[in-house]
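Please treat every number below as a calculation from the coordinates, not as lab data. Quantities reported herein were computed from a predicted structural model and do not represent experimental measurements. Cβ coordinates were reconstructed from backbone atoms using ideal geometry, including for glycine residues, and neighbour counts include every protein chain displayed.
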Ligand SMILES: [Fe+2]
């Protein structure tokens, strides 16, 4: 009787273990996609910055881009903590196409922030609590970056 109970218990533990591994793989894939999108956003911001007519505006946008590179690094760290390998090819393969429009980048900032929040909820549901916390911090930074980009848009509009 006891043996049967213990056996059932071991079987359940084994299943949970397998489940966690599957979730871990799924999570790594989600984070890799986030890593790529953070890098793309950073590269687009850098390219846009080069088109700006004033150095102080350029510096401001480069600072936002720096934050986005930092986000990618933090996500890379989360991937490594899950035992995954980070695919960094996007950095050299992506071709940014600046067009002087920041509204599109504002939307990307917003969408990416929302997705980080969704991933954070997902991570929390599956017990990746530290990861969830980091993702929420990144989402908060996206809100700050959105405000900064809005300020840049207003200044650019004031110049034209
Ligand atoms: Fe970001």
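Hey, what angle do you get for helix 2-51 against the long axis of the chain, alpha-carbon based, 0 to 90 degrees rounded to 10?
Once rounded, the angle reads 10 degrees.
With springs connecting C-alpha atoms under 10 Å apart, model the chain as a Gaussian network and identify which of 65, 22, 47 has the largest mean-square fluctuation.
22
Between residue 2 and residue 95, what length in nm is gained on full extension when 0.36 nm per residue of separation is reduced by their alpha carbon distance?
Gain on stretching residue 2 to residue 95: 27.1 nm.
Can you give the Kirkwood hydrodynamic radius for the chain, in Å, rounded to one decimal and based on Cα pairs?
Here the Kirkwood hydrodynamic radius works out to 17.4 Å.
Report, in degrees rounded to the nearest 10, the 0 to 90 angle that the Cα long axis of helix 103-125 makes with the longest principal axis of the chain.
Between the helix axis and the principal axis of the chain, the angle is about 10 degrees.
Compute the distance from the alpha-carbon center of the stretch 74-140 to that of the stretch 38-55, in whole Å.
That distance is 18 Å.
Once both axes come from the Cα atoms, what is the angle between helix 129-159 and the longest principal axis of the chain, in degrees from 0 to 90, rounded to 10?
10 degrees
In nanometres, what is the gap between the two model label sites at residue 157 and residue 82, each 7 Å from Cα along Cα-to-Cβ?
Result for the modelled spin labels: 3.9 nm.
So what is the relative contact order of the stretch 86-141, in percent, for Cα pairs below 8 Å that sit 6 or more residues apart?
It rounds to 30 percent for the stretch 86-141.
Using only the Cα atoms of the stretch 4-90, what are the Rg and Dmax in Å?
Calculated on Cα positions, Rg and Dmax stand at 20.3, 75 Å.
Suppose a student asked you for the relative contact order of the stretch 24-159, using Cα pairs under 8 Å spaced at least 6 residues apart; what percent would you report?
Relative contact order, the stretch 24-159: 28 percent.
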